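A.B. asks: Pasting in a structure now, in structure tokens, and then I'll have a few things to ask.
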Amino acid sequence: MRKILVAAGLAVSVTILSSSCAHKVSRIDPEKQIDLSGRWNNTDSRLAAEELTRSVLGEKWLGDHQESHSGQKPVVIVGFVTNKSHEHIDAETFMKDIEQSFIKTARVRLVQGGKKREELRAEKADQQTNASASSMKKFGMEQGADYILQGAINSIVDSEKRKKVVYYQINLELTNIETNEVVWIGDKKIAKYITN
């Protein structure tokens, strides 16, 4: 009987402890700005992408391209954005925010790059033997890019006791692929003051 009471008491204790450690989770709007840690977050990525896209599309190179190409939109590929900051930043998420901003404006045409382009080419190769002749996609029909956007995310941390300032700088460059001419350079700065 005593063993049963001890076991029941342990079960109740475990239940109480586990319920007191449970997390409360609630859904929030992904557009809402919430800064819990002061580290790079989705708001930083989205705002930087939107501002840099406005900047690059507001410059002279776009009009020059259209003037010299009978009004055609330039074709852009988003290349690598390197994380050189002090923390882990998923640069691919930032690149996707840039691509999404380009597509929303409809002022440039966007083509795939990197691993996704290789995956598309592998699919075309597979279709050469496994798809019907009428539905097979041909090699050599890709849209070549006119420009490539590349850059880096850097950071500087200044701290004293329980205070810290984290400074991020995102640098991007747009380069004409045919001539290697850099036609635009832009940056976005973000500073965060953090106290503990």
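The values are calculated or read from the model by the stated rules, or taken from the named source; none is laboratory data. What you are looking at is a predicted structure, and each value in this text was computed from that prediction instead of being measured. Here the Cβ is made from the backbone with ideal geometry for all residues, glycine too, and neighbour counts use every protein chain on show.
A.B. asks: Would it be correct to say that Gly71 is part of a helix (DSSP H, G or I) and surrounded by fewer than 13 Cβ atoms within 10 Å (Cβ to Cβ)? Give the steps one after another, and end with the answer.
C.D. replies: Working: part of a helix (DSSP H, G or I): no; surrounded by fewer than 13 Cβ atoms within 10 Å (Cβ to Cβ): yes.
No; evaluated as a whole, the condition is false for this residue.
A.B. asks: I've got another one for you. Considering only residues that are basic (Lys, Arg) and part of a helix (DSSP H, G or I), look in region 24-68 and name the one that is surrounded by the fewest Cβ atoms within 10 Å (Cβ to Cβ). Spell out how you get there, then give the answer.
C.D. replies: At the first step, the residues of region 24-68 found to be basic (Lys, Arg) are 24, 27, 32, 39, 46, 54, 60.
Among the residues that remain, those that are also part of a helix (DSSP H, G or I) are: 46, 54, 60.
On the way: Arg46: 18, Arg54: 12, Lys60: 9.
Filtering region 24-68 for residues that are basic (Lys, Arg) and part of a helix (DSSP H, G or I), the one surrounded by the fewest Cβ atoms within 10 Å (Cβ to Cβ) comes out as Lys60.
A.B. asks: Here is a further query. Which one of these is surrounded by 11 or more Cβ atoms within 10 Å (Cβ to Cβ), at pLDDT below 95 and over 29 Å from the mean Cα position of the chain (by Cα): Lys137, Lys124, Lys164? Walk me through how you get there before you give the answer.
C.D. replies: Numbers: Lys124 fails: over 29 Å from the mean Cα position of the chain (by Cα); Lys164 fails: over 29 Å from the mean Cα position of the chain (by Cα).
Among Lys137, Lys124, Lys164, only Lys137 is surrounded by 11 or more Cβ atoms within 10 Å (Cβ to Cβ), at pLDDT below 95 and over 29 Å from the mean Cα position of the chain (by Cα).
A.B. asks: Could you grab me the full set of residues in region 74-96 that are touching a residue at least 40 places away in the same chain (Cβ under 8 Å), within 30 Å of Ile156 (Cα to Cα) and crowded, with 16+ Cβ neighbours inside 10 Å?
C.D. replies: Scanning region 74-96 gives Ile77, Val78, Gly79, Val81, Asn83, Ser85, Ile89, Ala91, Phe94.
A.B. asks: Can you name the condition, by its number, that Thr105 falls short on among (1) at pLDDT 90 or above; (2) crowded, with 19+ Cβ neighbours inside 10 Å?
C.D. replies: (2)
A.B. asks: Mind listing whichever residues of region 32-52 are within 18 Å of Gln150 (Cβ to Cβ), of a type in the set (A, V, I, L, M) and out of contact with any Gly (no Cβ under 9 Å at 6 or more places or on another chain)? Steps first, please.
C.D. replies: First, pick out the residues of region 32-52 that are within 18 Å of Gln150 (Cβ to Cβ): 45, 48-49, 51-52.
From the residues that got through so far, the ones that are of a type in the set (A, V, I, L, M) too are 48-49, 52.
Result: Ala48, Ala49.
A.B. asks: Output the residues belonging to region 112-121 that are crowded, with 16+ Cβ neighbours inside 10 Å and either touching an Asp or Glu at 6+ places or on another chain (Cβ under 9 Å) or touching a residue at least 60 places away in the same chain (Cβ under 8 Å) (or both). Before you say what the answer is, go through the steps one by one.
C.D. replies: As a first pass, look at region 112-121 and keep what is crowded, with 16+ Cβ neighbours inside 10 Å: 112-113.
The one that is crowded, with 16+ Cβ neighbours inside 10 Å and either touching an Asp or Glu at 6+ places or on another chain (Cβ under 9 Å) or touching a residue at least 60 places away in the same chain (Cβ under 8 Å) (or both): Gln112.
A.B. asks: Separate question: Answer yes if at least one residue in region 53-72 is among the aliphatic types (A, V, I, L, M), in contact with a Gly (Cβ under 7 Å, 6 or more places away or on another chain) and modelled with pLDDT of 90 or more, and no otherwise.
C.D. replies: Of the residues in region 53-72, the ones among the aliphatic types (A, V, I, L, M) are 56-57, 62.
If we keep only those that are in contact with a Gly (Cβ under 7 Å, 6 or more places away or on another chain) too, we end up with 56.
Narrowing further to those that are modelled with pLDDT of 90 or more: 56.
Checked region 53-72: at least one residue is among the aliphatic types (A, V, I, L, M), in contact with a Gly (Cβ under 7 Å, 6 or more places away or on another chain) and modelled with pLDDT of 90 or more.
A.B. asks: Can Thr93 be described as in a strand (DSSP E or B), under 30 Å from Asn41 (Cα atoms) and hydroxyl-bearing (Ser, Thr, Tyr)? Talk me through it step by step, then tell me what you get.
C.D. replies: Values: in a strand (DSSP E or B): no; under 30 Å from Asn41 (Cα atoms): yes; hydroxyl-bearing (Ser, Thr, Tyr): yes.
Judged against the criteria, Thr93 is not a match.
A.B. asks: What number goes with the only condition from (1) surrounded by 14 or more Cβ atoms within 10 Å (Cβ to Cβ); (2) under 30 Å from Asp64 (Cα atoms) that Ile194 does not pass?
C.D. replies: It is condition (2) that Ile194 fails.
A.B. asks: Just to be sure, is Gly113 within 30 Å of Ile185 (Cα to Cα) and out of contact with any Phe, Trp or Tyr (no Cβ under 7 Å at 6 or more places or on another chain)? Before the answer, list the steps.
C.D. replies: Values: within 30 Å of Ile185 (Cα to Cα): yes; out of contact with any Phe, Trp or Tyr (no Cβ under 7 Å at 6 or more places or on another chain): yes.
Yes, satisfied.
A.B. asks: Pairs, please: C-beta under 9 Å, at least 6 apart or cross-chain, first residue at positive phi and in region 38-55, second modelled with pLDDT of 85 or more and not hydrophobic (A, V, I, L, M, F, W, C)?
C.D. replies: What qualifies is Gly38/Lys164; Gly38/Lys192; Gly38/Tyr193.
A.B. asks: Is it the case that Glu99 is crowded, with 17+ Cβ neighbours inside 10 Å, within 14 Å of the chain's Cα centre (by Cα) and acidic (Asp, Glu)?
C.D. replies: Details: crowded, with 17+ Cβ neighbours inside 10 Å: yes; within 14 Å of the chain's Cα centre (by Cα): yes; acidic (Asp, Glu): yes.
Taking the combined requirement at face value, the residue satisfies it.
A.B. asks: Out of region 140-161, which residues are assigned to a loop (DSSP other than H, G, I, E, B), out of contact with any Pro (no Cβ under 9 Å at 6 or more places or on another chain) and surrounded by 10 or more Cβ atoms within 10 Å (Cβ to Cβ)?
C.D. replies: First pass over region 140-161, keeping only residues assigned to a loop (DSSP other than H, G, I, E, B): 140-146, 161.
Checking the rest, the ones that are also out of contact with any Pro (no Cβ under 9 Å at 6 or more places or on another chain) come to 140-144, 161.
Scanning region 140-161 gives Glu142, Gln143.
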